[in-house]
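Colleague: Starting off with a structure, shown below.
The values are calculated or read from the model by the stated rules, or taken from the named source; none is laboratory data. A quick note: this is a predicted structure, and the numbers were derived from the prediction, not measured. A quick note on method: Cβ atoms are made from the backbone with ideal geometry, for glycine too, and the neighbour counts reach across all protein chains shown.
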Amino acid sequence: MKLILLPAFFLFFCVSVSAQQFGGFRPSVKFRQINGEGVRVIYPKGFDSAGLRVAAVVSGLKNLTLPTIGTREQKINIVLQPSTTIANAYVTMGPFRSELYLTPAQNSFDLGSISWLDMLAVHEYRHVQQYNNFNVGLSRVFRILFGQQGQALANAAAVPNWFWEGDAVFQETLVSTQGRGRVPFFFNDYRALWSEGLDYSYMKLRNGSLRDFVPDHYRLGYMFVTYGRQKYGAGFWKDVTGDAAAYKGLFYPFQRAIKKHGNISFNQFRTEAINGFKNESETTPQVNRQRRPYMDEEFPAITEDGNSIIYVRSGYKNIPAFVKRSTENGKRTESIIRVRDVSLDNHFSLKNGKIVYASRRQHPRWGWTDYNELQVLDVATGKQQTLTHRSRYFSPDISGDNKIIAVDVQPGGKSFLHLLDGNTGALLKAFPNPENYFYTYPRFAGSNRVISAVRTAAGDMTIVSIDLSDGSSVQLTPPGKRIIAFPSVVGDTIFFSATDKKTESVFALVQSQKKLFRVASATGGQGAYQPVFLPDKLIFSSFTAGGFKLQENQVNARGWAEMTEQEWNVEPTDAAVLTGDVASGKLYSIDSGKSYSEDTYPKLTRPFNFHSLRPLVDDPNYSFSILGENVLNTLQSELSFTYNRTEQYKQFGFNTVYGGLFPYIRAGVDYTMDRRARYRGNRIYFNELQMRGGLSVPLNLSKGRSFIRMNIGSDYVYTQPTFQGLYKDSIGDRDYSSLNNYISFSHQ
């Protein structure tokens, strides 16, 4: 990006992270802190083990991984958020901090099977190292002049977003035995494009598209970062990003740095990097592929009569909906049963003409608390019933006798299986989990058993069988790094998707024979997911450049390929770039028993914490503000100065809002100098002091298929003018007060 654009950006820039929640936790939550090397981990009381593990991972790996990005270190505050059901994390400037969401995702193909907490700590701390070492040259000047948000803007303009995420994905792959760089699912997007002969320009890959499917910057970045390290060595990106962040070369500093340290043009570099991965993908472009609008077809389920398929359809122009597809006399028809409620994924289960799924609902006031509530939908009538309230259930399955098994993920990420009444949602039985499995996609296997793909504490995956009478479990497949998901049960056989070299295929476990078979692989797409087996065919979802599409394969048990235990346990061969580094695989040698200093963390530690100076031009007003926010994001403050070009007055102000209680508490004061007005045909001059305080209650009432927000508040405003000059005594200084009541409402 050209530096010439930066002054224009500074007129309006606002660095924000949509995932942040202001005043998002209850006043009753007490926080503790662990001080480690280069990190302070802040967490709610009761989550000490998670805090200790994050501190151990960061302290244990930082010196091993730092040399590949620079030498600078600055201590970071990492806040653990255990009560949200969203699987996410971020690092931000303004103020400099990170937040980790502790609930893992169900789909292991997305991020792999290693510990969710370890994955977050490794990935996000790499972003910390990036920010620490990009505070150089012109970026440092921006930091000095405009604070942390100034550095963030300068860094974003110099270093492309694909490097930030690609480098972090490389780190999680390097220090573990998995990471997204080893997961075939991660590369489906590009393999789908290449297999359909779609070679988009770099600008389209870099910036995305509102019309066509374009893989995200995580995947693009991983290819570029891996290729750069493989060809030029582990220190290559340290040199490139250091020069780019310093703006050594005012125009296109990143591209200039590639040319300088790689002796290659950026155009040639990106072409070689993409072609290298393209050749390794072993994809063959298919001719005469029909271009289709992007539309996902996921989680197929067969109706009881076997004549129809119900699945979830979603796309760029279509919100997720349950669709019934039928074929009669060779003619296919489709009808929408109902639009799906807002959900974290598109999983559902079908039995007895009923669909059960989990929908997300936000707590009305506390942004860090949300729920996954079970919904039961009647296929025939389209009517829906909410079965559980304020629950945290994932991936429910319904049985023939109208019972529901679901994964209950508690705050912090521990999972348990719950058996529920399908009519009332009442809890019938909660099963223990002494092995500390993380359960995914449980399925009924008869009247007294449940099977589930589980992630172990060691980061392995296996299929387990749970006895519903006593809760005991047995492993049905050898545990290993092969990722498993989406099991389904037909009689004595369990069908499921699992990694298979450079793709994901459908496998079968015949329990009576204790044998594993490879059943089918995708032929018209990438990967085979969510398999459903019928006597003569297999239906699954496969990824294409037009989205996930349902495929039907004719299968015969005689054509299944038996897998020996040795074949099943084969792990992919790593590239040399992942094995020749001092940090390779070091995640598992970290000592979690190391002692750290633990203490309470007062919520108003460094309450103002001023971090950035933000200029703003809104003619005729010219202003700058000094912004402050505490680490827990419960107190925001702003010191401001404004000059009005038309009236030529100057205004000094201070505003603050505290969100740690149920109502927001607002307070502010402005002092305006040299104001002008007309009085009886004459111009008068005065200064004005205005003080205000008030309460407001922001509510998130979103539910079902609607996003609803409401804000109610009231401010008391006191104003005291002080007149100057000839009319100082004749007019008199009269103070006055007012009450400002307001309400806002939005529904979409």
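Colleague: Please work out which residue is farthest from the chain's Cα centre (by Cα), limiting yourself to region 529-560 and to residues that are surrounded by 12 or more Cβ atoms within 10 Å (Cβ to Cβ) and among the aliphatic types (A, V, I, L, M). Explain how you work it out, then say what you get.
Modeller: Let us first name the residues in region 529-560 that are surrounded by 12 or more Cβ atoms within 10 Å (Cβ to Cβ), namely 529-534, 537-553, 555, 560.
When the remaining residues are screened for being among the aliphatic types (A, V, I, L, M), the result is 532, 534, 538-539, 545, 550, 555.
Values: 532: 29, 534: 36, 538: 32, 539: 30, 545: 22, 550: 26, 555: 37 Å.
Checked region 529-560; the qualifying residue farthest from the chain's Cα centre (by Cα) is 555.
Colleague: Please determine whether any residue of region 239-253 is of a type in the set (D, E, K, R), closer than 24 Å to residue 151 by Cα and buried (at least 18 other Cβ atoms within 10 Å of the Cβ).
Modeller: Keep residues of region 239-253 that are of a type in the set (D, E, K, R), which gives 239, 243, 248.
Checking which are closer than 24 Å to residue 151 by Cα leaves us with 239, 243, 248.
Still in the list and also buried (at least 18 other Cβ atoms within 10 Å of the Cβ): 243.
Checking region 239-253: at least one residue is of a type in the set (D, E, K, R), closer than 24 Å to residue 151 by Cα and buried (at least 18 other Cβ atoms within 10 Å of the Cβ).
Colleague: Let me ask you something else. When residues of region 641-650 are filtered for being touching a residue at least 24 places away in the same chain (Cβ under 8 Å) and either of a type in the set (Asp, Glu) or crowded, with 16+ Cβ neighbours inside 10 Å (or both), how many remain?
Modeller: 3
Colleague: Collect the residues in region 496-520 that are of a type outside the set (A, V, I, L, M), surrounded by fewer than 23 Cβ atoms within 10 Å (Cβ to Cβ) and over 16 Å from residue 187 (Cα atoms), keeping them in residue-number order. Steps first, please.
Modeller: Pass one, region 496-520, residues of a type outside the set (A, V, I, L, M): 496-497, 499-505, 507, 511-515, 517-518.
From what is left, the residues that are surrounded by fewer than 23 Cβ atoms within 10 Å (Cβ to Cβ) are 500-503, 505, 511-515, 517-518.
Those that are of a type outside the set (A, V, I, L, M), surrounded by fewer than 23 Cβ atoms within 10 Å (Cβ to Cβ) and over 16 Å from residue 187 (Cα atoms): 511, 512, 513, 514, 515, 517, 518.
Colleague: Just one of 687, 682 is within 19 Å of residue 649 (Cβ to Cβ), among the polar types (S, T, N, Q) and in contact with a Pro (Cβ under 8 Å, 6 or more places away or on another chain); which is it?
Modeller: After ruling out the rest, the residue left standing is 687.
Colleague: Then there's this: I'm checking my understanding of the structure. Among residues of region 164-181 that are out of contact with any Phe, Trp or Tyr (no Cβ under 7 Å at 6 or more places or on another chain) and part of a helix (DSSP H, G or I), which one is farthest from residue 258 (Cα to Cα)?
Modeller: Residues of region 164-181 out of contact with any Phe, Trp or Tyr (no Cβ under 7 Å at 6 or more places or on another chain): 164, 168, 171-179.
Narrowing further to those that are part of a helix (DSSP H, G or I): 164, 168, 171-175.
Working: 164: 16, 168: 19, 171: 20, 172: 24, 173: 23, 174: 23, 175: 25 Å.
If we take residues in region 164-181 being out of contact with any Phe, Trp or Tyr (no Cβ under 7 Å at 6 or more places or on another chain) and part of a helix (DSSP H, G or I), then 175 is farthest from residue 258 (Cα to Cα).
Colleague: Do the conditions hold for residue 105, that is, is it farther than 25 Å from residue 159 by Cβ, in contact with a Phe, Trp or Tyr (Cβ under 7 Å, 6 or more places away or on another chain) and either among the acidic types (Asp, Glu) or at pLDDT 95 or above (or both)?
Modeller: It is false that residue 105 is farther than 25 Å from residue 159 by Cβ, in contact with a Phe, Trp or Tyr (Cβ under 7 Å, 6 or more places away or on another chain) and either among the acidic types (Asp, Glu) or at pLDDT 95 or above (or both).
Colleague: While we're looking at this one, here's another question. What pairs come up if the first residue lies in region 244-256 and is touching a residue at least 60 places away in the same chain (Cβ under 8 Å), the second is assigned to a helix (DSSP H, G or I) and of a type in the set (Phe, Trp, Tyr), and their beta carbons are under 7 Å apart, counting only those six or more places apart or on different chains?
Modeller: Cβ pairs passing all conditions: 244/254.
Colleague: State whether the residues of region 696-710 include one that is in contact (Cβ under 8 Å) with a residue 12 or more places away in the chain, assigned to a loop (DSSP other than H, G, I, E, B) and aromatic (Phe, Trp, Tyr). Write out each step before concluding.
Modeller: The initial filter retains those residues of region 696-710 that are in contact (Cβ under 8 Å) with a residue 12 or more places away in the chain, namely 696-710.
This time we only want the ones that are assigned to a loop (DSSP other than H, G, I, E, B), so: 701-702, 704-705, 707.
Among the residues that remain, those that are also aromatic (Phe, Trp, Tyr) are: 707.
Yes, some residue in region 696-710 is in contact (Cβ under 8 Å) with a residue 12 or more places away in the chain, assigned to a loop (DSSP other than H, G, I, E, B) and aromatic (Phe, Trp, Tyr).
Colleague: Right, another one. From the residues in region 82-107 that are within 21 Å of residue 344 (Cβ to Cβ) and in contact with a Gly (Cβ under 8 Å, 6 or more places away or on another chain), which one is surrounded by the fewest Cβ atoms within 10 Å (Cβ to Cβ)?
Modeller: Among those residues, the one meeting the criterion is 82.
Colleague: Residue 627 passes all but one of (1) surrounded by 17 or more Cβ atoms within 10 Å (Cβ to Cβ); (2) among the hydrophobic types (A, V, I, L, M, F, W, C); (3) out of contact with any helix residue (DSSP H, G or I) (no Cβ under 8 Å at 6 or more places or on another chain); (4) closer than 26 Å to residue 605 by Cα; which number fails?
Modeller: Of (1) surrounded by 17 or more Cβ atoms within 10 Å (Cβ to Cβ); (2) among the hydrophobic types (A, V, I, L, M, F, W, C); (3) out of contact with any helix residue (DSSP H, G or I) (no Cβ under 8 Å at 6 or more places or on another chain); (4) closer than 26 Å to residue 605 by Cα, only one is false for residue 627: (3).
Colleague: Go through region 401-430 residue by residue and tally those that are assigned to a loop (DSSP other than H, G, I, E, B), out of contact with any Pro (no Cβ under 7 Å at 6 or more places or on another chain) and of a type outside the set (A, V, I, L, M).
Modeller: So the answer is 8.
Colleague: From 675, 692, which residue is surrounded by 14 or more Cβ atoms within 10 Å (Cβ to Cβ) and at pLDDT below 95?
Modeller: After applying the criteria, what remains is 675.
Colleague: Taking residue 32, is it surrounded by 14 or more Cβ atoms within 10 Å (Cβ to Cβ), over 28 Å from residue 143 (Cβ atoms) and either in contact with a strand residue (DSSP E or B) (Cβ under 8 Å, 6 or more places away or on another chain) or modelled with pLDDT of 95 or more (or both)?
Modeller: For residue 32, the condition - surrounded by 14 or more Cβ atoms within 10 Å (Cβ to Cβ), over 28 Å from residue 143 (Cβ atoms) and either in contact with a strand residue (DSSP E or B) (Cβ under 8 Å, 6 or more places away or on another chain) or modelled with pLDDT of 95 or more (or both) - is met.
Colleague: Right, something else. With the requirement that a residue be assigned to a helix (DSSP H, G or I) and either surrounded by 14 or more Cβ atoms within 10 Å (Cβ to Cβ) or not polar (S, T, N, Q) (or both), what does region 573-591 give you? Break it down stepwise before answering.
Modeller: Quick first cut of region 573-591, residues assigned to a helix (DSSP H, G or I) only: 576-579, 586-589.
Across region 573-591, the qualifying residues are 576, 577, 578, 586, 587, 588.
Colleague: What is the number of the single condition among (1) buried (at least 23 other Cβ atoms within 10 Å of the Cβ); (2) not in a helix (DSSP H, G or I) that residue 135 does not meet?
Modeller: Result: residue 135 fails condition (1) only.
Colleague: Select from region 592-623 the residues that are farther than 20 Å from residue 99 by Cβ, modelled with pLDDT under 95 and surrounded by 15 or more Cβ atoms within 10 Å (Cβ to Cβ) and list them in ascending order.
Modeller: none
Colleague: Only helices (runs of 4 or more DSSP H) wholly contained in region 221-304 count here; list those with 1 or more residues that are closer than 28 Å to residue 546 by Cβ.
Modeller: In region 221-304, 266-281 are the helices (runs of 4 or more DSSP H) which contain 1 or more residues that are closer than 28 Å to residue 546 by Cβ.
Colleague: Would you mind telling me which numbered condition in (1) touching a residue at least 60 places away in the same chain (Cβ under 8 Å); (2) part of a helix (DSSP H, G or I) residue 558 fails?
Modeller: Answer for residue 558: the failing condition is (1).
Colleague: Pull up region 474-487, narrow it to residues that are free of Cβ contacts under 8 Å to residues at least 60 places away in the same chain and surrounded by fewer than 21 Cβ atoms within 10 Å (Cβ to Cβ), then point me to the one that is nearest to residue 519 (Cα to Cα).
Modeller: 476
Colleague: Out of (1) touching a residue at least 60 places away in the same chain (Cβ under 8 Å); (2) more than 28 Å from the chain's Cα centre (by Cα); (3) assigned to a loop (DSSP other than H, G, I, E, B), the odd one out for residue 309 is which?
Modeller: Condition (3) is where residue 309 drops out.
The rows are residues; the columns are (1) in a helix (DSSP H, G or I); (2) closer than 24 Å to residue 608 by Cα; (3) touching a Lys or Arg at 6+ places or on another chain (Cβ under 9 Å); (4) not assigned by TED's automatic domain parsing to the domain that holds residue 116.
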{"position": "51", "(1), (2), (3), (4)": "yes, no, yes, no"}
{"position": "54", "(1), (2), (3), (4)": "yes, no, no, no"}
{"position": "57", "(1), (2), (3), (4)": "yes, no, no, no"}
{"position": "62", "(1), (2), (3), (4)": "yes, no, no, no"}
{"position": "70", "(1), (2), (3), (4)": "no, no, yes, no"}
{"position": "80", "(1), (2), (3), (4)": "no, yes, no, no"}
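Colleague: While we're on this one: Go over the candidates 372, 433 one by one and state the one that is assigned to a loop (DSSP other than H, G, I, E, B) and modelled with pLDDT of 95 or more. Before the answer, list the steps.
Modeller: Details: 372 fails: assigned to a loop (DSSP other than H, G, I, E, B).
Within the list 372, 433, the selection yields 433.
Colleague: Among the numbered criteria (1) outside the structural domain of residue 44 (by TED's automatic domain parsing); (2) in contact (Cβ under 8 Å) with a residue 12 or more places away in the chain; (3) assigned to a loop (DSSP other than H, G, I, E, B), which single criterion is violated by residue 570?
Modeller: (2)
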